Amino acid sequence: MTFDSLLFDMDGTLWDAVDSYCAIWNSSIADCCPGAPAVDYATLATMMGKPLDEIFDRLIGSRAPRGLFMERLTANEEKLMPELGGKLYPGVRETIAALAEHHKLFMVSNCTRLGLPNFLSFTGLKPYFTDSISFGDNNLEKDRNIALMVERHGLKAPLYIGDTAGDCHSSHAAGVPFVWARYGFGKEVAGYDYAIDSITDLTSIVK
């Protein structure tokens, strides 16, 4: 099948920044609810791809007011993430550059409003992407943001690439075929249209 555009998830698909997210969450916990358990990699990794409100409910709950905690989380992300960043998966930089020669590239994520700008700036990949949108931008779930991106740019044959069952559900709910990045955080994904074990495998799907 010929695709005119590729829409990418961020965490677990293009990079792993969980260690940095742990530092940001733990700084926010120290600010708002001292004595609460610290967040570790194993715990936060299982929540990658979920909306921020859901992660808050599971990690913080009634320990701190939602609004206050989110303010501190945003402030700590703004301060720490540009320096900490994350680790691109092998082959991401080269593959994105190659794919951008023949396809429009986009990013759609459930991260904060700072997540995608930080990613694009830290990695230097911004020139390859046409547009990006996240849950933090408009508080819309991922399926609605995928559909919004498709409508906004008049995409006729888009393909979404993500790593979790939630990504698969959101992509199909938006009427877009889904590629499961098996190397990411999601371990049980059913109903995907394609699967890759490395981002470099994308070139054989969309050539």
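Can you return the aspartates and glutamates within cross-link range of Lys156? Criterion is Cα-Cα under 15 Å, with same-chain partners fewer than 8 residues away left out.
Result set, ordered by chain and number: Asp4.
For the chain, what does the alpha-carbon gyration tensor say about shape, rounded, prolate or oblate, given a ≥ b ≥ c as the root eigenvalues, a/c under 1.5 as rounded, and a/b over b/c as prolate?
prolate
For Ala190 and Leu148, what does the FRET efficiency come to when R0 = 30 Å and r is the distance between their Cβ atoms, rounded to the nearest 0.05?
Using R0 = 30 Å, I get an efficiency of 0.70.
Can you put Cys168, Cys111 in order of Cβ neighbours within 10 angstrom, beginning with the fewest?
Cys168, Cys111
If you place +1 on the Cβ of every Lys and Arg and -1 on the Cβ of every Asp and Glu, how big does the dipole about the Cα centre of the stretch 18-84 come out, in debye to the nearest 20?
That gives a dipole near 200 debye.
Could you work out how far helix 18-32 tilts from the main Cα principal axis of the chain, as a 0 to 90 degree angle to the nearest 10?
30
For the chain, find the longest principal axis of its Cα atoms and tell me its angle to the long axis of helix 142-153, 0 to 90°, nearest 10.
The answer is roughly 50 degrees.
What number, rounded to the nearest 500 deg cm²/dmol, is the helix-based mean residue ellipticity at 222 nm of the chain, given -39500 (n - 2.57) per DSSP H run of at least four residues and division by all its residues?
-13000 deg cm²/dmol
Given axes a ≥ b ≥ c from the Cα gyration tensor, I'd like to know whether the stretch 18-84 is rounded (a/c under 1.5), prolate (a/b larger than b/c) or oblate.
Here the stretch 18-84 falls in the rounded category.
What length, rounded to one decimal in nm, is gained on full extension from Arg66 through to Met1, with 0.36 nm per residue of separation minus their alpha-carbon distance?
My answer for the length gained is 18.9 nm.
Tell me the label-point distance for the pair Asp19, Lys207, using the 7 Å Cα-to-Cβ offset, in nm and rounded to one decimal.
3.5
Can you give the net charge of the other residues whose Cβ lies under 9 Å from the Cβ of Met107, counting K and R as +1 and D and E as -1?
-2
DSSP beta bridges in the chain, what fraction antiparallel, as a percent rounded to 5?
So the antiparallel bridges amount to about 10 percent of the total.
Let me check I've understood the local charge: for Gly154, count other residues with C-beta under 14 angstrom from its C-beta, Lys and Arg +1, Asp and Glu -1. What total comes out?
0
Taken together, the values in this text are just the output of simple stated rules run on the coordinates, not laboratory data. Remember, it's a predicted structure, so these values are computed and weren't measured experimentally. Don't worry about glycine lacking a Cβ; one is built from the backbone with ideal geometry, like all the others, and counts go over all protein chains shown.
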